[in-house]
Amino acid sequence: MSLTRQDRLQALGLWPTWRLRVAAPVGIEPLSPAQESAPAPLESAPPEPVPLAVVPSAPMAATPALPVVPCIRESSPIDAMNWDALLAEIKSCTRCELAKSRTQAVPGVGDIHAEWLFVGEAPGANEDRLGEPFVGDAGKLLDAILAAIGLARGSNVFIANVLKSRPPGNRDPKPEEVAACLPFLERQIELIQPRLIVALGRFAAQSLLATDTPIGRMRGQVHRYRGVPLVVTYHPAYLLRNPLDKAKVWEDLVLARDTMHALKN
Ligand code: URA
């Protein structure tokens, strides 16, 4: 059965309540706090000012996948690993105390030559049990998010987390855990060479961009992770708790989709 775009948006809970009035091209400015708290425009409402501040931007050149700029931190044996060695290293990792409590490490899932890389925070209980990222309720929502822009898990998409091991009780990752685990994600990015990264939530965005900027201020613009365009959006688990913010996620997806389109054309 093939789904229409309306079916996909409906699955995401975005139809027919509201609609983005303008496609967000590459090079938009972050939303102001006032704009961020504005309610999403309703489908039936009369036209209103565009909620995104569009600024002129140099068009993105049509390029092949951008080479990932080498990282500057102290080198580690992980930096030279091929995919199989990296997977083995992740699965047997004892670089932090999470190794003691996890059932198994969760390296990631999907196409290792994918153009799209989605990065979440850390495995939860379901992921820890099954060894695959985003398999619980947040995962179902992520699948709907992917479908809304014509993507599917495993097909030109790779899904990974910053942490490969579950923090007990789903607590926040500790800085030392992120520091211990990040070289795995960095090497995954070097090997996959995605065209575009979507950071799902604060931890992914802040870890990859090495910043403590709040997520609301990182949305709405195209960042670069070592040369690779990166779009920030809310984590699906946050969206489950704050469904009204689905409108913002749709804006971010449109930005990601348009950025990918600009990279290819
Ligand atoms: N949340 C994440 O960030 N990653 C998962 O794999 C599952 C839930």
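Coordinate-derived values only; no laboratory data. What you see is a predicted model; the values in this text were computed from it and never measured. We place every Cβ from the backbone using ideal geometry, glycine too, and count neighbours over all the protein chains shown.
Among Ile78, Ile192, what is the fewest-to-most ranking by other Cβ atoms within 10 Å? Don't skip to the end; give the middle numbers.
Numbers: Ile78 19, Ile192 24.
Least to most surrounded, the residues fall as Ile78, Ile192.
For the stretch 150-265, what is the relative contact order in percent, using Cα pairs closer than 8 Å and at least 6 residues apart in sequence? Don't jump to the answer; show the numbers that get you there.
Working: 104 pairs, mean separation 24.7, N = 116.
Relative contact order here is 21 percent.
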Work out how much length Asp212 to His113 would gain on full extension: take 0.36 nm times their residue separation and subtract the Cα-Cα distance, in nm to one decimal.
32.6 nm
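Distance cut-off 19 Å, Cα to Cα: go down the list Lys140/Lys246; Lys164/Lys246; Lys100/Lys174; Lys100/Lys140 and report the pairs above it.
Check vs 19 Å cut-off fails for Lys164/Lys246; Lys100/Lys140.
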If a paramagnetic tag sat 7 Å from the Cα of Asp84 along the Cα-Cβ line, which residues of the stretch 174-188 would have the backbone N under 16 Å from that point?
none
Between the modelled labels at Ser76 and Ser155 (7 Å from Cα along Cα→Cβ) the distance in nm is 3.4 nm
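How do 105-117, 212-224 rank on mean C-beta neighbours within 10 Å, highest first? Can you show the working numbers first?
Values: 105-117: 20.2, 212-224: 16.9.
The densest-packed peptide leads the list: 105-117, 212-224.
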Can you check what the Kirkwood hydrodynamic radius comes to for the stretch 163-230, Cα pairs only, in Å to one decimal?
12.9 Å
